[in-house]
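Each remark here refers to the structure printed beneath this line.
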């Protein structure tokens, strides 16, 4: 039986658990223990109601799977129904439409399998647990996305947070999925404000009942540790929780195929789900004998451990990522030493990438063997652009717009949000750090032609200098062209970037790219008391209006000594 103790959360704590929209790793709200007992529970078993396979966990949760579609059609916890809205149910992709559905019980586990073409979806229940364990196996690209959507009834959980809206009163301002409220704030299912590395679970709580989706390890997902996507939504017509693996939204990598999971749908007594359900802690030994296609247990996996990193900047967090065509993983590097360890990896050869913030600063190859542990000596960071001497710098080379105007807000709001500072305005250097006055994003139709004013000494003005502009993403092939006083740079070629919306859907994450401009000495002002003027324009062969015009997001701008 569940070992959760019922605790009543204060209104402040309930809002704290819901308004953010995502419970981050290690969140400590009340009731987050237990749920992993494997003792047999009274009532555990399955039945058939004619249309659905009915599974009773014996711990208060009864769920149903359609025998014809493979949809999850009911989530009844302590006698109350939570599943479904708008006449639709919970399912992989946008629903399989039809599926071959079978059920098998193996001891204290009930496994339901639903197959349609390239996709097989599994649901499992364990005796005495208020959890539904899920796996998705996708063999090819015949389905356009890889996600599982849990649809929840309207009104059962608070409708709060940047990923919530009110359809009866809010106004659609973009693509049918971005909304503006009368107070000027913007809301969308895209506005989670979280990267994959930032959370283990998402969900809702009333203070008495919590419903959470504990994410998988995302080894078959794409986009890496810093990918941002929709995680949940709520409105007056229903709510949803998402396990997103490949969504064709701001994607930077090809899709991976194979088995993904388990991810876990967990009911609690209002608090966070048990930490033991997290993907890096979950005991999956009971899965080994179930015959799930593509399943690789602990014995078939390996580990990489590194002594540390040399050359770290203490102002930044470091992450070590691993990726190949079949899988992806990552591990946080320890502050100070840079030591890291990544376990549970499928065998193969991976590109190891060290990230300063979100910027790749070192790469190498590493091989993982089944049951083995690959040890790495200290890695010396060799590719940090911040090591170069500069005359001035706006921002820092960390692969993000952090520190620039409106940067933080843009992960959970639309650029037109009433809380955003004016996107226009020039920057004058020389009186301290002006990073916060430089816009995180520039669009062709909004704030093009940002100007930076700066002075040079006679010796500095007598030499050519390299101007570097780092970007994190671009929309519609937007890229910078610069003018320095009267000198105009060539138009650079566009780097490869995602083709979908991103800058307006809570993500600056694309492919980090550095543009370099060789500014000749003849471009500078000869009068050292006068300001040189750098103008940055976004150019593109495409067009658009307002915040859907060609644009780009910035990482860093600097002038080398």
Check on residue 98, out of contact with any helix residue (DSSP H, G or I) (no Cβ under 9 Å at 6 or more places or on another chain), closer than 23 Å to residue 47 by Cβ, in a loop (DSSP other than H, G, I, E, B) and without any contact (Cβ under 8 Å) to a residue 40 or more places away in the chain: yes
Strands (runs of 3 or more DSSP E) wholly inside the stretch 287-390 that include at least 1 residues being modelled with pLDDT of 95 or more and within 22 Å of residue 470 (Cα to Cα): 318-323, 348-356, 359-368
Selection count, the stretch 247-267, where residues are on the phi > 0 side of the Ramachandran plot and assigned to a loop (DSSP other than H, G, I, E, B): 2
Options 550, 520; residue that is assigned by TED's automatic domain parsing to the domain that holds residue 393 and more than 22 Å from residue 459 (Cβ to Cβ): 550
Qualifying residue in the stretch 6-13 (condition: surrounded by 19 or more Cβ atoms within 10 Å (Cβ to Cβ), farther than 21 Å from residue 293 by Cα and at pLDDT 50 or above): no
Total residues in the stretch 395-404, condition surrounded by 24 or more Cβ atoms within 10 Å (Cβ to Cβ) and touching a helix residue (DSSP H, G or I) at 6+ places or on another chain (Cβ under 8 Å): 3
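Results for (1) touching a helix residue (DSSP H, G or I) at 6+ places or on another chain (Cβ under 6 Å); (2) part of a strand (DSSP E or B); (3) surrounded by fewer than 21 Cβ atoms within 10 Å (Cβ to Cβ); (4) not assigned by TED's automatic domain parsing to the domain that holds residue 251, shown as yes or no for each residue.
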{"site": "125", "(1), (2), (3), (4)": "no, yes, no, no"}
{"site": "128", "(1), (2), (3), (4)": "no, no, no, no"}
{"site": "132", "(1), (2), (3), (4)": "no, yes, no, no"}
{"site": "141", "(1), (2), (3), (4)": "no, no, yes, no"}
Within the stretch 499-514, considering residues that are surrounded by fewer than 20 Cβ atoms within 10 Å (Cβ to Cβ) and modelled with pLDDT of 95 or more, the one farthest from residue 390 (Cα to Cα): 511
Those residues of the stretch 145-176 which are free of Cβ contacts under 8 Å to residues at least 24 places away in the same chain and either on the phi < 0 side of the Ramachandran plot or not assigned by TED's automatic domain parsing to the domain that holds residue 243 (or both), in sequence order: 169, 170, 171, 172
Any hit, the stretch 268-278, residues being out of contact with any strand residue (DSSP E or B) (no Cβ under 8 Å at 6 or more places or on another chain) and assigned to a loop (DSSP other than H, G, I, E, B): no
Every residue from the stretch 526-557 that is crowded, with 16+ Cβ neighbours inside 10 Å and assigned to a loop (DSSP other than H, G, I, E, B): 531, 540, 544, 549, 550
Residue in the stretch 434-451 that is out of contact with any strand residue (DSSP E or B) (no Cβ under 9 Å at 6 or more places or on another chain) and either closer than 24 Å to residue 192 by Cβ or exposed (fewer than 15 other Cβ atoms within 10 Å of the Cβ) (or both) present: no
Hey, residue 198 surrounded by fewer than 19 Cβ atoms within 10 Å (Cβ to Cβ) and under 15 Å from the mean Cα position of the chain (by Cα) or not: yes
Residue among 484, 491 that is surrounded by 13 or more Cβ atoms within 10 Å (Cβ to Cβ), assigned by TED's automatic domain parsing to the domain that holds residue 401 and touching a helix residue (DSSP H, G or I) at 6+ places or on another chain (Cβ under 7 Å): 484
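The values are calculated or read from the model by the stated rules, or taken from the named source; none is laboratory data. Owing to the predicted nature of the structure, the values given are computational and were not obtained by experimental measurement. Cβ: placed from backbone, ideal geometry, glycine included. Neighbour counts: every protein chain shown.
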